[in-house]
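Here's the structure we're looking at; comments come further down.
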């Protein structure tokens with residue numbers, strides 16, 4: 001048996017002894033005894049750190065690392081007994097405490113434990129732990145690394161009782177690594193990746209009829225590993241994608257005459273789209289802030305006089321300022337909507353948040369847009385991690401409009417190609433509007449998903465080639481495949497039928 005294994009055994013017995021001694025010292029409130037045990041703990045910490053430096057076994061290293069966490073906890077608890085007369089205010093510093101410990105794992109910039117001092121409820125303990133965690137994370141993000149991956153370990157002492165005996169044991173509940181960067185909303189991240197995961201694991205452990213009951217909340221260990229650009233991904237970069245074409249459809253909810261499609265091709269297409277957003281924001285802002293006068297018919301006037309409930313909240317009218325009857329109308333069209341409470345009418349406002357729906361925003365297309373639209377005004381990202389986004393919101397300068405970019409892929413049950421195949425030609429209204437002069441044969445060709453030689457177009461000048469590239473030029477290096485003969489025949493048919501002049 002190695003010396004490190006022997007030390008692990010000694011550490012197990014010493015930590016078990018500490019729990020018994022602490023109860024006795026705490027009852028006697030002896031400052032002298034506390035200092036004595038702190039000295040013994042410091043000696044064990046030195047032995048454990050020395051063993052860690054020489055350890056070649058990952059299992060032994062983890063065991064020593066766990067012992068250090070427990071020793072740090074008891075050191076803090078014994079030290080707290082020595083400070084008598086400090087009062088009994090229930091402040092966070094008296095409930096939880098952060099201790100930095102040296103990590104045994106290469107590359108970790110910080111490993112810390114949050115020691116429980118008073119909590120008996122796991123949820124309350126983790127809520128307090130969040131504030132200490134947030135302080136450390138924000139400091140690292142500001143001063144050291146902009147991206148890191150974090151996992152945590154919750155440690156509790158569990159008890160199993162039988163008719164003749166009582167057993168105590170430490171149990172550990174781990175969370176998976178998750179990315180934190182400058183755009184992460186820490187409270188949401190901590191709730192989703194730490195609190196929910198740990199509480200769920202504790203519930204599952206309890207439901208397995210293990211007969212182990214949580215006896216004491218010991219600590220919460222956080223392990224933080226920095227991610228450099230090289231270490232944050234296992235991907236190999238082999239080409240840079242540059243957008244050269246942007247198209248969008250503007251849909252008006254109340255007047256389809258205001259709906260339109262626009263597109264632009266060129267190296268400046270993303271900048272063009274950003275400029276379009278500014279123009280659209282001013283147009284929408286003007287529409288939303290201009291109140292079209294109400295136009296009521298005699299029938300609607302009669303309906304208003306006879307109305308007894310608010311058409312918005314469906315509650316009766318009263319002789320008070322907030323609940324008196326008023327005429328509610330659509331400020332965009334001037335159309336009368338119904339009788340409403342005065343307060344309901346005032347709160348029934350148009351939203352200045354405009355959704356922009358992009359397909360595959362989270363994984364790919366959002367990257368082309370964000371860098372350009374972020375140049376002016378403010379932008380709020382809701383990230384999955386550093387590379388992917390759930391959505392982002394752009395506040396437009398010189399207007400009240402906020403554009404919220406969302407990914408249609410998150411709301412669709414199947415691919416766009418599959419979903420569009422369910423529509424008949426008569427239901428493809430927007431496509432027909434743009435290609436109204438096509439006969440049915442040509443129009444049907446547009447309803448099938450096409451192909452494009454992405455790897456072949458390695459510079460924008462190739463868009464001017466005057467013939468369809470050979471089938472081999474449609475090879476996709478990333479996916480390591482080529483298009484089918486049927487897909488290439490379809491591309492040839494499109495090229496010839498529409499008399500296409502260049503790519």
Filtered residues of region 165-199 (kept if in a strand (DSSP E or B) and either free of Cβ contacts under 8 Å to residues at least 12 places away in the same chain or assigned by TED's automatic domain parsing to the domain that holds residue 378 (or both))
166, 167
Does any residue of region 429-443 turn out to be surrounded by 11 or more Cβ atoms within 10 Å (Cβ to Cβ), modelled with pLDDT of 80 or more and more than 22 Å from residue 263 (Cβ to Cβ)?
no
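Could you list, in sequence order, the residues of region 459-482 that are surrounded by 12 or more Cβ atoms within 10 Å (Cβ to Cβ) and out of contact with any strand residue (DSSP E or B) (no Cβ under 8 Å at 6 or more places or on another chain)? Write out each step before concluding.
Let us first name the residues in region 459-482 that are surrounded by 12 or more Cβ atoms within 10 Å (Cβ to Cβ), namely 460, 462-463, 465, 468-469, 471, 473-476, 482.
Once the filter is applied, which keeps residues that are surrounded by 12 or more Cβ atoms within 10 Å (Cβ to Cβ) and out of contact with any strand residue (DSSP E or B) (no Cβ under 8 Å at 6 or more places or on another chain), region 459-482 yields 460, 462, 465, 468, 469, 471, 473, 474, 476.
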Residues being out of contact with any strand residue (DSSP E or B) (no Cβ under 7 Å at 6 or more places or on another chain), within 30 Å of residue 474 (Cα to Cα) and surrounded by 14 or more Cβ atoms within 10 Å (Cβ to Cβ) - total across region 393-419:
1
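Taking region 324-335, which residues are in contact with a helix residue (DSSP H, G or I) (Cβ under 7 Å, 6 or more places away or on another chain) and free of Cβ contacts under 8 Å to residues at least 40 places away in the same chain? Show your work before the answer.
We begin by selecting, within region 324-335, every residue in contact with a helix residue (DSSP H, G or I) (Cβ under 7 Å, 6 or more places away or on another chain); these are 324, 326-328, 332.
Matches in region 324-335: 324, 326, 327, 328.
Might you check whether a residue that is farther than 19 Å from residue 265 by Cα, touching a helix residue (DSSP H, G or I) at 6+ places or on another chain (Cβ under 6 Å) and modelled with pLDDT of 80 or more occurs anywhere in region 448-469?
Yes, region 448-469 contains a residue that is farther than 19 Å from residue 265 by Cα, touching a helix residue (DSSP H, G or I) at 6+ places or on another chain (Cβ under 6 Å) and modelled with pLDDT of 80 or more.
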State whether the residues of region 435-458 include one that is touching a strand residue (DSSP E or B) at 6+ places or on another chain (Cβ under 7 Å), closer than 30 Å to residue 281 by Cα and in contact (Cβ under 8 Å) with a residue 12 or more places away in the chain.
no
Can you pull out the residues in region 364-417 that are out of contact with any helix residue (DSSP H, G or I) (no Cβ under 8 Å at 6 or more places or on another chain), modelled with pLDDT under 65 and not in a loop (DSSP other than H, G, I, E, B)?
364, 365, 366, 367, 382, 383
Looking at 200, 257 in this structure, which one is exposed (fewer than 13 other Cβ atoms within 10 Å of the Cβ), modelled with pLDDT of 85 or more and under 25 Å from residue 274 (Cα atoms)?
257
Only unsatisfied item for residue 422, checking (1) surrounded by fewer than 10 Cβ atoms within 10 Å (Cβ to Cβ); (2) in a helix (DSSP H, G or I), is (2)
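I need a count of the residues in region 284-315 that are out of contact with any helix residue (DSSP H, G or I) (no Cβ under 7 Å at 6 or more places or on another chain) and surrounded by 10 or more Cβ atoms within 10 Å (Cβ to Cβ). Spell out the reasoning first.
Our first condition is that a residue be out of contact with any helix residue (DSSP H, G or I) (no Cβ under 7 Å at 6 or more places or on another chain); within region 284-315, this holds for 284-309, 311, 314-315.
When the remaining residues are screened for being surrounded by 10 or more Cβ atoms within 10 Å (Cβ to Cβ), the result is 284-289, 291-292, 294-296, 300-304, 307, 309, 311, 315.
So the answer is 20.
Is it true that residue 269 is modelled with pLDDT of 85 or more, touching a helix residue (DSSP H, G or I) at 6+ places or on another chain (Cβ under 7 Å) and under 30 Å from residue 396 (Cβ atoms)?
Numbers: modelled with pLDDT of 85 or more: yes; touching a helix residue (DSSP H, G or I) at 6+ places or on another chain (Cβ under 7 Å): no; under 30 Å from residue 396 (Cβ atoms): yes.
It is false that residue 269 is modelled with pLDDT of 85 or more, touching a helix residue (DSSP H, G or I) at 6+ places or on another chain (Cβ under 7 Å) and under 30 Å from residue 396 (Cβ atoms).
The values are calculated or read from the model by the stated rules, or taken from the named source; none is laboratory data. These numbers were taken from a predicted model, which means no experiment stands behind them. Cβ atoms come from the backbone with ideal geometry, glycine included; neighbour counts cover every protein chain shown.
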